[in-house]
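Notes follow the structure.
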């Protein structure tokens, strides 16, 4: 699925799972309400990763337990 980066208007994000990082913004997984998932996490540089990223995409690292909890929350 190619999702244009400029189509973020009207998002009503619902938290599926969040980590407890002791304050501030933490890695979180959201339901976009439009059949996609939004991931908040730590940016990983593509250089040296062996991944060729197209324009508009980035690598994001999230804890495995966060992803598992989010999967259980999807309805």
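Taken together, the values in this text are just the output of simple stated rules run on the coordinates, not laboratory data. Please read these numbers as outputs of a predicted model, since none were measured by experiment. Here Cβ is always computed from backbone atoms with ideal geometry, including for glycine, and neighbour counts include all displayed protein chains.
Quick look at the numbers
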| quantity | calculated |
| --- | --- |
| Nitroxide proxy distance, nm - points 7 Å out along Cα→Cβ at residue 47 and residue 73 | 3.4 |
| FRET efficiency estimate (nearest 0.05) - Cβ-Cβ, residue 58 to residue 18, R0 25 angstrom | 0.80 |
